[in-house]
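Below is one structure, written out as structure tokens, with a few remarks after it.
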Amino acid sequence: MTETRYRIKNFPVPAALLTDTHGTDPEPLLESLRRHAPALIALAGDFVPGLKPRPDVRVEQSRNVTALLAGCAGLAPTFVSLGNHEAYLSREDLDTVRAAGVTLLENGYVARDIGGAQVVVGGLSSGYYTAYQRYGATERTVKSPDPDTGWLEGFAAQEGYHILLTHHPEYIRLVPPSVELALSGHAHGGQWRFYDLRTKAWRGVYAPDQGLFPKLTGGVVDGRQIISRGLGNTTHLPRIHNDTEIIYIESC
Ligand SMILES: [Fe+2]
């Protein structure tokens, strides 16, 4: 696991970004968080274990998940949004997540004073979650369903620095321009990464919902989106040139 640091202009509080944990052993992550002591922790989706989203997976049955959530909540205010692997979670599952002490943002936002800074944190749920809750549609029946964006304008109009947890990086096209920073994952870095001599940058080979040679797989994009390569794996394929990462964000 790599500890990646990014500096973002006017970023208000030292923060950590974790995505795609997929039930991985929480202890190395918590050890890193204890050393860095961020003032805010963002878990931007796919904390549920398993190679595929499955309706029979319950949050309370995964000790790694509940230990990660409670461990983060014990260190700093922790905000959680829902990825595609959370598509089948029940109301009871969401209650279990909240009971760990984190703030669950299910297509909603909260405004908080953190270390003297007014921060508005939102969570844009995966369209797969929204589709399943509305229609019972699954990953197999609906391809890349749209997320619920009806609340984003109200979120963007709040006073403060806006941080939007959006598991899917491709949703950035739907984010109002006044949102200062979006935090994403989902692409797993594109699974295999290579250095593109044409663009002089590392890029991935494949990402779900983006396909082959995806644009949004890791790093800082246009100064307003950070994409994590994630912390767990959901395929038997090896990651090549693509270490897992925990991200720390500071102001510059
Ligand atoms: Fe995902």
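The values are calculated or read from the model by the stated rules, or taken from the named source; none is laboratory data. None of the values given here were measured: they were computed from a predicted structure. A quick note on method: Cβ atoms are made from the backbone with ideal geometry, for glycine too, and the neighbour counts reach across all protein chains shown.
Please enumerate the residues belonging to the stretch 224-243 that are away from the ligand (no atom under 14 Å from the Cβ), under 18 Å from residue 183 (Cα atoms) and of a type outside the set (D, E, K, R). Even if it seems obvious, please write down each step before you answer.
Within the stretch 224-243, the first condition is being away from the ligand (no atom under 14 Å from the Cβ), and the residues that meet it are 224-226, 236-243.
Cutting the leftovers down to under 18 Å from residue 183 (Cα atoms) gives us 224-226.
Scanning the stretch 224-243 gives 225, 226.
Which residues, taken from the stretch 37-56, are within 16 Å of the ligand (Cβ to nearest atom) and under 11 Å from the mean Cα position of the chain (by Cα)?
We begin by selecting, within the stretch 37-56, every residue within 16 Å of the ligand (Cβ to nearest atom); these are 42-54.
Residues satisfying the conditions are 42, 43, 44, 45, 46, 47.
From the list 98, 112, pick out the single residue that is in contact (Cβ under 8 Å) with a residue 12 or more places away in the chain, surrounded by fewer than 22 Cβ atoms within 10 Å (Cβ to Cβ), away from the ligand (no atom under 16 Å from the Cβ) and under 27 Å from residue 11 (Cβ atoms). If you could, list the steps in order and put the result at the bottom.
Numbers: 98 fails: in contact (Cβ under 8 Å) with a residue 12 or more places away in the chain.
Sole residue among the options that is in contact (Cβ under 8 Å) with a residue 12 or more places away in the chain, surrounded by fewer than 22 Cβ atoms within 10 Å (Cβ to Cβ), away from the ligand (no atom under 16 Å from the Cβ) and under 27 Å from residue 11 (Cβ atoms): 112.
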Filter the stretch 94-114 for residues that are among the aliphatic types (A, V, I, L, M) and assigned to a loop (DSSP other than H, G, I, E, B) and give the result. 100, 102, 105
Against the definition (closer than 25 Å to residue 209 by Cα, free of Cβ contacts under 8 Å to residues at least 60 places away in the same chain and charged (D, E, K, R)), how does residue 91 come out, yes or no? no
Residue that is surrounded by the fewest Cβ atoms within 10 Å (Cβ to Cβ), among those in the stretch 115-151 that are within 15 Å of the chain's Cα centre (by Cα) and part of a helix (DSSP H, G or I): 127
Pairs where the first residue, in the stretch 1-20, is farther than 18 Å from residue 233 by Cβ and the second is modelled with pLDDT of 95 or more and among the charged types (D, E, K, R), C-beta under 6 Å, 6+ apart: 7/250; 14/250
Take the residues in the stretch 210-223 that are more than 21 Å from residue 246 (Cβ to Cβ) and crowded, with 17+ Cβ neighbours inside 10 Å; name whichever of them is farthest from the ligand (Cβ to nearest atom). 214
